[in-house]
Amino acid sequence: ERAPSSGMAGHTFDVFGHRVFSSVGTCPSALLGKTVVVRSSDTETFELDAEAACMSGRLRTIVGLQGHEEEISLPLKKSVLRKVFEYCRHYKGRLASDIPLPLAFDTLEECG
């Protein structure tokens, strides 16, 4: 699919009854096998495979600009980043399907 006015490639999906567009991008080949370090607003650090980090458009852009060697600080609490990174690790390398709500379990792994 293409975003209506931008020509960007991506997918649309429903989030709580709202149609959302997400751009699709791949992890640059120079980052394959590398690790990205992200710091939360409450100073906890997370290590993440670059392939999983690239699932986030924001992280993909930051890592593309500054490289994977520098720590990336994000204005999100550790509890939020933990869930985001759980999602990124779970769907790394594959397209995420729609998530049925309410969730049947507490983690994405249990939900399938």
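The values are calculated or read from the model by the stated rules, or taken from the named source; none is laboratory data. Since the model is a prediction, treat every value here as computed from it, not as a measurement. Virtual Cβ from ideal backbone geometry, glycine too; neighbours counted across all protein chains shown. The area values use the complete protein model at the heavy-atom level, side chains included, leaving out ligands, DNA and RNA. Shrake-Rupley method; radii C 1.70, N 1.55, O 1.52, S 1.80 Å.
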(request) Could you tell me whether Lys34 is touching a helix residue (DSSP H, G or I) at 6+ places or on another chain (Cβ under 6 Å), at pLDDT below 85 and of a type in the set (D, E, K, R)? (result) no
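Being open to solvent by 50 Å² or more (accessible area, probe 1.4 Å), out of contact with any helix residue (DSSP H, G or I) (no Cβ under 7 Å at 6 or more places or on another chain) and within 19 Å of Tyr91 (Cα to Cα) is the filter here, so list the residues in the range 37-74 that pass it. Walk me through how you get there before you give the answer.
We begin by selecting, within the range 37-74, every residue open to solvent by 50 Å² or more (accessible area, probe 1.4 Å); these are 39, 41-45, 47, 49, 51, 55, 58, 61, 64-66, 69-71, 73.
Applying the additional criterion that residues be out of contact with any helix residue (DSSP H, G or I) (no Cβ under 7 Å at 6 or more places or on another chain) yields 39, 41, 43, 45, 47, 49, 51, 58, 61, 64-66, 69-71, 73.
Once the filter is applied, which keeps residues that are open to solvent by 50 Å² or more (accessible area, probe 1.4 Å), out of contact with any helix residue (DSSP H, G or I) (no Cβ under 7 Å at 6 or more places or on another chain) and within 19 Å of Tyr91 (Cα to Cα), the range 37-74 yields Glu47, Asp49, Glu51, Arg58, Thr61.
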(request) Please work out which one of (1) at pLDDT 90 or above; (2) at positive phi is the condition Phe16 fails and give its number. (result) (1)
(request) Please enumerate the residues belonging to the range 43-79 that are in a helix (DSSP H, G or I), without any contact (Cβ under 8 Å) to a residue 40 or more places away in the chain and among the aliphatic types (A, V, I, L, M). (result) Ala50, Ala53, Leu59, Ile62, Val63, Leu65
(request) Please work out which residue is modelled with the lowest pLDDT, limiting yourself to the range 75-102 and to residues that are open to solvent by 80 Å² or more (accessible area, probe 1.4 Å) and aliphatic (A, V, I, L, M). (result) Leu95
